[in-house]
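**Q** Mind looking over this structure? Questions follow.
Bear in mind that the values in this text are calculations on the coordinates, not laboratory data. This structure is a prediction, so every number in the text was calculated from the model and none was measured. So basically every Cβ, Gly included, is an ideal-geometry build from the backbone, and we count neighbours across all protein chains shown.
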Amino acid sequence: MREILDAISTGASGPDLAALPLPETFRAATVRKDEVELFAGLPSEDKDPRKSVHVSYVPLPELAPDEAVVAVMASAINFNTVWTSIFEPLPTFLFLERLGRESVWGKRHDLPYHIIGSDACGVVLRTGSAVRNWKPGDRVTIHCNYVDDQDPSAHDDSMLAVNQRIWGFESNFGGLADLTVVKANQLMPKPAHLTWEEAACNALTNSTSYRMLASPNGCLVQQGQIVLVWGASGGLGGYACQYVLNGGGIPVGVVSSPEKAEMLRDLGVEAVIDRKTEGYRFWRDERTQDPAEWRRFGKRIRELAGGDPDIVFEHPGRQTMGASVFVTRRGGTVITCAATSGYMIEYDNRYLWMSLKTIKGSHFANYREAWEANRLICQGRIQPILSSVYRLEETGEAAFQVHHNLHEGKIGVLCLAPEEGLGVTDTEMRERLGDRLTVFRRHEA
Ligand code: NDP
């Protein structure tokens, strides 16, 4: 691996990289099948990724014709890394077993360990015989839509494919490792002005927010529209706010501390609600919601933005959905991609049907959407929201931070990159973007 890293660091040519032998084993962050009962009986908050995520050496799988081996310079933590590491809502080995039954190549994924991670940035080392658009030496970021392109259902919107999966969550060989094996149609160009870790943290949440707010498959934000963004300084929310601003909309960002509120203002979001300081209690107890609190929240949005939200960007789920449906304006849309606080949702249906509102589901992004979202990063029109960086050995700790909402934006993870700050090839664009590039990093520091 040292030889490969030296070759990448010295800018070796593609053919030179391709000539280097691949190691038989590589470092990877994994969870283990024989540990899925590790946290049995514990409440979610006590399930500790620091105990279930292991960094060890694993064998390199055989390369399929439509795949590439990528040297991972950096990766990032996503909430799905948390779900995998606490074995909720179910152990991800069930996904790997299902993939294993699908094909000979799928069988490689059904292993007693699961290499986790759904984001990565690095350098292509090998390509399979059917790969046309990429070659060794290409600097890439990787998106996580893992689709069988020989299935007819994948050829309208690939997110509608019957066997659509999320790489590193529903497939093995994820990004939190020194090497990864991915389908060639997961590759996208690395933004040249970003460091490895800045480039690695975007694809999953940036593409998801793009589909939700900037694609015809989601809610296309129009000029002047008010968009309520939950978790506005989190992984999804940090990009969502940027898409609303870029589209001429008015974001109303919800956060949980004055520091996060300040960070959002730095990002350009003027209307910010600190839900903790303002003390909203949408639930009186575990079973009863409080419409008076929904009303108070709606009044606050109106005060700040001059109207009710045309769009609500939802993902906290059970804790907030009642309020989200209530505050959405007549004819507006709640677009949801998750349910962090619980997926058995309750809302007052009268406020939905009588006011002709829509609840719309969304999930990651197809290749085209991920590509467009990446293109906007490459052009410096969307900024990475990296706040802190850990080493691969510290993956469990990094996932713990996200699990307990102790982070802001995205947490990056250095894999082969020996230190932060490497990988930039377009310094001019970096200088041009200046402080805008590092809003989340500065606040974390
Ligand atoms: P983060 O943890 O980075 O951010 C989520 C934010 O939501 C937090 O920062 C927090 O902000 C806010 N939040 C958490 N709990 C609550 C609550 N009970 N009430 C109100 N706000 C809350 O996670 P991500 O943004 O990366 O992901 C969020 C969810 O979306 C996860 O469940 C993830 O699995 C899912 N997801 C789904 C995708 C898909 O394609 N379907 C893609 C990406 C993520 P604050 O405390 O400041 O209010």
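**Q** Give the separation of the Cα centroids, the range 33-69 to the range 280-329, in Å.
**A** Answer, in whole Å: 37.
**Q** Still on this structure, please answer the following. Full extension from Leu356 to Glu97: what is 0.36 nm times the residue separation minus their Cα-Cα distance, to one decimal in nm?
**A** 89.0 nm
**Q** Any idea how far the Cα center of the range 346-413 sits from the one of the range 128-204, in Å?
**A** 17
**Q** Continuing with this model, one more query. Relative contact order of the range 1-105: what whole-number percent is it, with Cα pairs under 8 angstrom and at least 6 residues apart?
**A** On the way: 63 pairs, mean separation 28.8, N = 105.
Reported as a whole number, the value is 27 percent.
**Q** Could I have the simple spin-label model distance between Ala292 and Leu220, label points 7 Å from Cα toward Cβ, reported in nm to one decimal?
**A** It works out to 4.4 nm between the two label points.
**Q** Can you tell me the length gained on complete extension of the stretch His155 to Glu45, counting 0.36 nm per residue apart and subtracting the Cα distance?
**A** On the way: separation 110, 0.36 × 110 = 39.60 nm, distance 4.02 nm.
Between His155 and Glu45, full extension yields an extra 35.6 nm.
**Q** Can you give the Rg to Rh ratio of the chain, both from alpha-carbon atoms, with Rh computed by the Kirkwood formula?
**A** My calculation of the ratio gives 0.97.
**Q** Also, I was wondering about something else. Based on other C-beta atoms within 10 Å, arrange Arg98, Arg2 from fewest to most.
**A** Going from sparsest to densest Cβ surroundings: Arg2, Arg98.
**Q** Of Glu102, Glu45, Glu372, how do they rank once you tally other Cβ atoms within 10 Å and put the fewest first?
**A** Glu45, Glu102, Glu372
**Q** Once you keep just the Cα pairs under 8 angstrom separated by 6 or more residues, what percentage relative contact order results for the chain?
**A** Relative contact order, the chain: 18 percent.
**Q** Now, a different point. Using the Cα centre of the range 350-424 as the reference point, and only Cβ charges (+1 on K/R, -1 on D/E), how large is the resulting charge dipole? Debye, rounded to the nearest 20.
**A** Approximately 720 debye in magnitude.
**Q** For Glu419 and Arg442 in one chain, what is 0.36 nm times their gap in residues minus the Cα-Cα distance, to one decimal in nm?
**A** Using 0.36 nm per residue and subtracting the Cα-Cα distance, I get 6.5 nm.
**Q** Work out the FRET efficiency for Leu5 and Arg132 from their Cβ-Cβ distance, taking R0 = 35 Å, and round it to the nearest 0.05.
**A** Efficiency, rounded to the nearest 0.05: 0.80.
**Q** Below 8 Å, C-alpha to C-alpha, sequence gap of six or more: please give me the relative contact order for the range 297-369 in percent.
**A** Normalised by residue count, the contact order of the range 297-369 is 30 percent.
**Q** As an exercise, identify the GluC sites (Glu not before Pro) in the range 401-445 lying in DSSP coil whose Cβ has no more than 13 other Cβ atoms within 10 Å.
**A** Of the GluC sites (Glu not before Pro), the ones in loops of the range 401-445 whose Cβ has at most 13 other Cβ atoms within 10 Å are Glu419.
**Q** Ranking Leu406, Leu63 by Cβ neighbours within 10 Å, fewest first, what do you get? Could you put the intermediate results ahead of the total?
**A** Numbers: Leu406 10, Leu63 19.
Going from sparsest to densest Cβ surroundings: Leu406, Leu63.
**Q** I need the calculated FRET efficiency for the pair Asp266 and Val104, taking r as the beta carbon distance and R₀ as 56 Å, to the nearest 0.05.
**A** That gives a FRET efficiency of 0.65.
**Q** Within 10 Å of each candidate Cβ there may be at most 11 other Cβ atoms; applying that plus a DSSP loop requirement, which chymotrypsin sites (Phe, Trp or Tyr not before Pro) in the range 278-368 survive?
**A** Filter output for the range 278-368: Tyr343.
**Q** Can you list the GluC sites (Glu not before Pro) in the range 251-341 that are in a DSSP coil and have 13 or fewer other beta carbons within 10 angstrom?
**A** Listed in order of number, the matching sites are Glu270, Glu278, Glu286.
**Q** Amide H to amide H under 5 Å from Ile382: which residues, 5+ apart in sequence or cross-chain, H placed 1.01 Å off N in plane?
**A** Under 5 Å from the amide H of Ile382 lie the amide H atoms of Ile377, each far enough along the sequence or on another chain.
**Q** Work from the charge dipole of the chain (Cβ charges, +1 for Lys and Arg, -1 for Asp and Glu, about the Cα centre) and give the residue of Gln223, Gln379, Asn163 farthest towards its positive end.
**A** With unit charges placed on the Cβ atoms, the residue in question is Gln223.
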